1. For LEU61, are the conditions met, namely being touching a helix residue (DSSP H, G or I) at 6+ places or on another chain (Cβ under 6 Å) and assigned to a loop (DSSP other than H, G, I, E, B)?
2. Quick one: ALA64 ticks every box in (1) farther than 13 Å from PHE26 by Cβ; (2) modelled with pLDDT of 85 or more; (3) exposed (fewer than 12 other Cβ atoms within 10 Å of the Cβ) except a single one, so which number is it?
3. Being buried (at least 16 other Cβ atoms within 10 Å of the Cβ) and not hydrophobic (A, V, I, L, M, F, W, C) is the requirement here; does GLU23 meet it?
4. May I ask you to say which residue of ASP45, ASP80 is at pLDDT 90 or above, charged (D, E, K, R) and crowded, with 16+ Cβ neighbours inside 10 Å?
5. Any idea how many residues of the range 26-42 are in contact with a Phe, Trp or Tyr (Cβ under 9 Å, 6 or more places away or on another chain) and either under 15 Å from LEU70 (Cβ atoms) or open to solvent by 60 Å² or more (accessible area, probe 1.4 Å) (or both)?
6. Scan the range 9-20 for residues that are closer than 10 Å to TYR53 by Cβ and either open to solvent by 80 Å² or more (accessible area, probe 1.4 Å) or hydrophobic (A, V, I, L, M, F, W, C) (or both) and jot them down.
Amino acid sequence: MYYSIKEVASDLGVSETTLRYWETMFPQLSPHKGSNGVRRYNKEDLKIARTIYHLVKERGLTLAGAKQHLKGAGNKENADRSAEVIDRLKVVREELLGIKAQLDFL
């Protein structure tokens, strides 16, 4: 399964330009480019993009700091796990807010 740059940008809440820039800064993020130059992100690319987002946007690291953080294998695994946990917590939060809204309605 492949995702377009537009889908990935929308999922992360960043611009397509930001994703293209991240590709230049992070060698780990390298979506397949077709002969027409259209980027196709696979699940691993999406996971890496989410990890970069987590490090830069949620943890507040600079791009250089995020790049350094991703260089170490242990750090990358920890960052991946942290990003996954945050994604899960966001889903749980939305579910809880929905339940709260239903209870407030009663």
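The values are calculated or read from the model by the stated rules, or taken from the named source; none is laboratory data. Computed from a predicted structure; not experimentally measured. All Cβ positions, glycine included, derive from the backbone under ideal geometry; neighbour counts span all protein chains shown. Note: areas computed on protein heavy atoms with side chains; ligands, DNA, RNA excluded. Shrake-Rupley method; radii C 1.70, N 1.55, O 1.52, S 1.80 Å.
1. Working: touching a helix residue (DSSP H, G or I) at 6+ places or on another chain (Cβ under 6 Å): yes; assigned to a loop (DSSP other than H, G, I, E, B): yes.
It is true that LEU61 is touching a helix residue (DSSP H, G or I) at 6+ places or on another chain (Cβ under 6 Å) and assigned to a loop (DSSP other than H, G, I, E, B).
2. The number of the failed condition is (1).
3. Working: buried (at least 16 other Cβ atoms within 10 Å of the Cβ): yes; not hydrophobic (A, V, I, L, M, F, W, C): yes.
Taking the combined requirement at face value, the residue satisfies it.
4. Details: ASP80 fails: at pLDDT 90 or above.
The conditions single out ASP45.
5. So the answer is 3.
6. Going through the range 9-20, the residues closer than 10 Å to TYR53 by Cβ turn out to be 11-14, 18-19.
Residues satisfying the conditions are ASP11, LEU12, VAL14, LEU19.
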